[in-house]
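**Student:** There's a structure below that I have some questions on.
The values are calculated or read from the model by the stated rules, or taken from the named source; none is laboratory data. This one's a predicted model, so the numbers in the text were calculated from it and none came from an experiment. Ideal geometry is used to build each Cβ from the backbone, glycine not excepted, and the neighbour counts take in all protein chains shown.
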Amino acid sequence: MDVVVIGAGLAGLSLAHGFQQSGARTMVVEQAPADRPQGSGLSLMPNGLTALHALGLGPQLEQLTRGHSPAGGGQRTPDGRWLYRLPARAVGSVRVVHRAELHAVLVQALVPGTVRFGVRATLVDPLTGQVQLQGPGIDDDPSGGGDEDPMVRADLVVCADGLRSRARAAIGSDPGIRYAGYGAWRGVTPAAVPGVEPSETWGRGLRFGLVPLPDNRVYWFAVRNGPPTATAQDAHREVLDLFGTWHDPIRRVVESTDAATITWSPIEELARPLTTLFRGVSVLVGDAAHAMTPNLGQGGNQGLEDAATLVRLLTRSAAGAPDRQVLAQLLARYDELRRPRTQRIARLSRQLGRIASTDQALLAIGRDALLRLTPTRAAAASIDALADWRPPEVGDGVVPPATRPTLSA
């Protein structure tokens, strides 16, 4: 089976590894250069960890998170009081990694030459799997025709090209994206900051999160209500103007972060849920399928679930290139398994964001009072409910082994 994956994010790369493990000939195309910035921290929830193991990435994950010590966490007020705390056993299976490091591990896990950076892919025909490639990253012509913009045809096209997916419109009605009303600065300290507990602090229209990485560097995020663009040239000054008087170690962590590495991004999501995740032999995964706000920490984890689900379904039932009728049934099953779950989680995340980001005094007081009254068991159960996921079972069908990541004409 020939597979083209559009987009070399976490979902696209992990899925490509799963397909290669199953024997499919797989090419990943990514319009960004190989040295693009890869963001900051990422929380791998239990469901995301399950997906990575199902995709055969367990050893790489263990190496990346070596040294991780389970820690508790909880919710705080700006003056440092705890609204509630979770013991380490409640969140012990969560792993936090640097996105750039996970991205590098996923690329290295693939057959050399699988990922072509600097290549822009256009889904020309989702029914037949026809994809046009453009860009400096095309070092040879996969179709064998010698055209400037080669056209390839695949048995399956996986569109993992993110929030602003260009492929989404070819598969179904693209609802566009919506600004959530708040944005976030993100950063990672260059050196270890010992003794930092995972926590999120909520004010009025402001939030700050602290998440230790396995080597005791700290990933942090600062969220504020307002316009979708940051206003100051100096990220340190703008963040400290808003959060500098909040509890320790917030100021220390921000000041120790190189301002050049602090990123700002508006928080955006799909404007409306999609009515389908596939058309013909083409399918959406990750943010292209269900971009959501990060309030539940599930965006990337849902993309990993997508990848594991799709690989498991096709591995179980495909032998060589599946016939179109069988493939259509498998993609319909993928849609049935993934669309309701991801859309429900996106809705819950949006609702949580509205509560967390309220700037109305009475609502914030009531919110904090409810958090103080929340039993630890109930808070832990809410995490477990989202993380309670398993991929489909693998059957006997196996795609024939691949020798190299090339495509048929």
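**Student:** Do we have Leu348 as at pLDDT 95 or above and within 19 Å of Ser14 (Cα to Cα) here?
**Tutor:** Working: at pLDDT 95 or above: yes; within 19 Å of Ser14 (Cα to Cα): no.
Criteria not met by Leu348.
**Student:** May I pose another question? Out of all the residues in the range 226-265, which are in contact with a Lys or Arg (Cβ under 8 Å, 6 or more places away or on another chain), assigned to a loop (DSSP other than H, G, I, E, B) and under 30 Å from Ala160 (Cβ atoms)?
**Tutor:** The answer is Ile262, and nothing else.
**Student:** In addition: Given the criterion at pLDDT 90 or above, closer than 26 Å to Thr201 by Cβ and buried (at least 21 other Cβ atoms within 10 Å of the Cβ), identify the matching residue among Met45, Met27. Steps first, answer last, please.
**Tutor:** Details: Met27 fails: closer than 26 Å to Thr201 by Cβ.
After ruling out the rest, the residue left standing is Met45.
**Student:** Here are Val111, Val91, Val96, Val107: which of them is touching a Ser or Thr at 6+ places or on another chain (Cβ under 6 Å) and either modelled with pLDDT of 95 or more or closer than 17 Å to Gly209 by Cα (or both)?
**Tutor:** On the way: Val111 fails: touching a Ser or Thr at 6+ places or on another chain (Cβ under 6 Å); Val91 fails: touching a Ser or Thr at 6+ places or on another chain (Cβ under 6 Å); Val107 fails: touching a Ser or Thr at 6+ places or on another chain (Cβ under 6 Å).
The conditions single out Val96.
**Student:** If you check Leu123, Leu156, Leu106, Leu133, which single one turns out to be surrounded by 21 or more Cβ atoms within 10 Å (Cβ to Cβ) and out of contact with any strand residue (DSSP E or B) (no Cβ under 8 Å at 6 or more places or on another chain)?
**Tutor:** On the way: Leu123 fails: out of contact with any strand residue (DSSP E or B) (no Cβ under 8 Å at 6 or more places or on another chain); Leu156 fails: out of contact with any strand residue (DSSP E or B) (no Cβ under 8 Å at 6 or more places or on another chain); Leu133 fails: out of contact with any strand residue (DSSP E or B) (no Cβ under 8 Å at 6 or more places or on another chain).
Sole residue among the options that is surrounded by 21 or more Cβ atoms within 10 Å (Cβ to Cβ) and out of contact with any strand residue (DSSP E or B) (no Cβ under 8 Å at 6 or more places or on another chain): Leu106.
**Student:** Related question: Take the range 239-292 and flag every residue that is among the basic types (Lys, Arg), in contact with a Leu (Cβ under 8 Å, 6 or more places away or on another chain) and more than 30 Å from Arg339 (Cβ to Cβ). Walk me through it before giving the result.
**Tutor:** Step one: list which residues in the range 239-292 are among the basic types (Lys, Arg), which gives 251-252, 272, 279.
Remaining after also requiring in contact with a Leu (Cβ under 8 Å, 6 or more places away or on another chain): 251, 279.
Hit for the range 239-292 is Arg251, nothing else.
**Student:** Do you know which residues across the range 331-355 are surrounded by 18 or more Cβ atoms within 10 Å (Cβ to Cβ) and over 28 Å from Phe278 (Cβ atoms)?
**Tutor:** Across the range 331-355, the qualifying residue is only Gly353.
**Student:** Test of understanding: among Asp258, Asp241, Asp234, Asp147, which residue is of a type in the set (D, E, K, R), at pLDDT 95 or above and out of contact with any Ser or Thr (no Cβ under 6 Å at 6 or more places or on another chain)? Working first, answer last.
**Tutor:** Working: Asp258 fails: at pLDDT 95 or above; Asp234 fails: at pLDDT 95 or above; Asp147 fails: at pLDDT 95 or above.
Going through Asp258, Asp241, Asp234, Asp147 in turn, the sole match is Asp241.
**Student:** Determine, yes or no, whether Val283 is in contact (Cβ under 8 Å) with a residue 60 or more places away in the chain, touching a strand residue (DSSP E or B) at 6+ places or on another chain (Cβ under 9 Å), β-branched (Val, Ile, Thr) and farther than 30 Å from Ala16 by Cα. Even if it seems obvious, please write down each step before you answer.
**Tutor:** Working: in contact (Cβ under 8 Å) with a residue 60 or more places away in the chain: yes; touching a strand residue (DSSP E or B) at 6+ places or on another chain (Cβ under 9 Å): yes; β-branched (Val, Ile, Thr): yes; farther than 30 Å from Ala16 by Cα: no.
No.
**Student:** Same structure again: Out of curiosity, is Glu269 closer than 30 Å to Leu156 by Cβ, among the acidic types (Asp, Glu) and either surrounded by fewer than 20 Cβ atoms within 10 Å (Cβ to Cβ) or modelled with pLDDT of 95 or more (or both)?
**Tutor:** Numbers: closer than 30 Å to Leu156 by Cβ: yes; among the acidic types (Asp, Glu): yes; either surrounded by fewer than 20 Cβ atoms within 10 Å (Cβ to Cβ) or modelled with pLDDT of 95 or more (or both): yes.
Considered against the rule, which asks whether it is closer than 30 Å to Leu156 by Cβ, among the acidic types (Asp, Glu) and either surrounded by fewer than 20 Cβ atoms within 10 Å (Cβ to Cβ) or modelled with pLDDT of 95 or more (or both), Glu269 comes out as yes.
**Student:** Separate question: Working carefully through the options Ile267, Ile171, find the one that is under 20 Å from the mean Cα position of the chain (by Cα), among the aliphatic types (A, V, I, L, M) and within 25 Å of Gly12 (Cα to Cα). Let's see the steps before the verdict.
**Tutor:** Working: Ile171 fails: under 20 Å from the mean Cα position of the chain (by Cα).
When all the criteria are applied, what remains is Ile267.
**Student:** Can I ask one more? Name the strands (runs of 3 or more DSSP E) wholly within the range 1-57 that hold at least 3 residues that are within 16 Å of the chain's Cα centre (by Cα) and touching a residue at least 12 places away in the same chain (Cβ under 8 Å)? Please lay out each step first, then the result.
**Tutor:** Values: elements: 2-6, 25-30, 41-44.
Fully inside the range 1-57 and qualifying: 41-44.
**Student:** With a cut-off of at least 2 residues that are more than 25 Å from Pro227 (Cα to Cα), name the helices (runs of 4 or more DSSP H) lying wholly within the range 266-374.
**Tutor:** Details: elements: 287-290, 299-317, 324-356, 361-373.
By residue number, 299-317, 324-356, 361-373.
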